[in-house]
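Let me begin by presenting the structure, written as structure tokens, before commenting on it.
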Amino acid sequence: MSYSSKGGFYGHNEDKSVTQQLNSGVRALMLNIFDYKGDVWLCQGCDYIAGSISQGPALDLFKEVEAFLTSNSYEIVTLILEDRVPEKNTLGKVFDASGLTKYLFPLSKMPLYGEDWPLVKDMVTANQRLVVFSSSKSKQESEGIAYQWNFMVEYKFGSDGRHTNRMVIETKQH
């Protein structure tokens, strides 16, 4: 697997760039990010310390998402970040540099306690069309990026395909 700044990660199970995926209807991207010399990088299936050839700057991919949102003013994209970036507002700088900040759906509007999400037309009208979740709990306080388990529920399925255990996440008032 290798990383191309023009097209994202390519491997035996992925042969389309991020732009091609978005143009084909993908609206959520799960990305592994980490700090590399003070910058945010992507890494898929590699050692975060030793690195590998399947990594590259996140800025290039974020710019692809920004270009898609700019060209498709009625679309909403979700980023789910496996986040290994330390708290230095480095992630915020990448959102700013890529132009994505203007599209961010604010943490203050995220629904709590099973409340409803806003209507798509309201998100589009407000131009808040990028929903971002982080695996780093501290990013919610430090950078205003939603901690994924305050807003997501994970379902566990048994080997026979039936639901065996449901993990419910209770959120606290922020």
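Brief remarks follow.
- Odd one out for residue 162 among (1) touching a Lys or Arg at 6+ places or on another chain (Cβ under 9 Å); (2) modelled with pLDDT under 95: (1)
- Considering the range 42-138, the qualifying strands (runs of 3 or more DSSP E), each wholly inside and each with 2 or more residues that are modelled with pLDDT of 90 or more, run over 77-84, 130-134.
- Screening 103, 113 for residues that are surrounded by fewer than 13 Cβ atoms within 10 Å (Cβ to Cβ) and aromatic (Phe, Trp, Tyr) leaves exactly one candidate, 113.
- Applying a threshold of 6 Å to beta carbon distances and a minimum spacing of six or more residues, or different chains, the list of pairs starting in the range 130-156 at a residue that is surrounded by 13 or more Cβ atoms within 10 Å (Cβ to Cβ) and among the basic types (Lys, Arg) and ending at one that is at pLDDT below 90 and not in a strand (DSSP E or B) is empty.
- Scanning the range 92-129 for residues that are without any contact (Cβ under 8 Å) to a residue 24 or more places away in the chain and among the aromatic types (Phe, Trp, Tyr) yields a single hit, 117.
- Screening the range 11-32 for residues that are under 14 Å from residue 60 (Cβ atoms) and touching a strand residue (DSSP E or B) at 6+ places or on another chain (Cβ under 6 Å) and picking the one that is modelled with the lowest pLDDT gives 17.
The values are calculated or read from the model by the stated rules, or taken from the named source; none is laboratory data. If you're wondering where the values come from, they're calculated on a predicted model, not measured in any experiment. Positions of Cβ are backbone-derived with ideal geometry, glycine not excepted, and every protein chain shown enters the neighbour counts.
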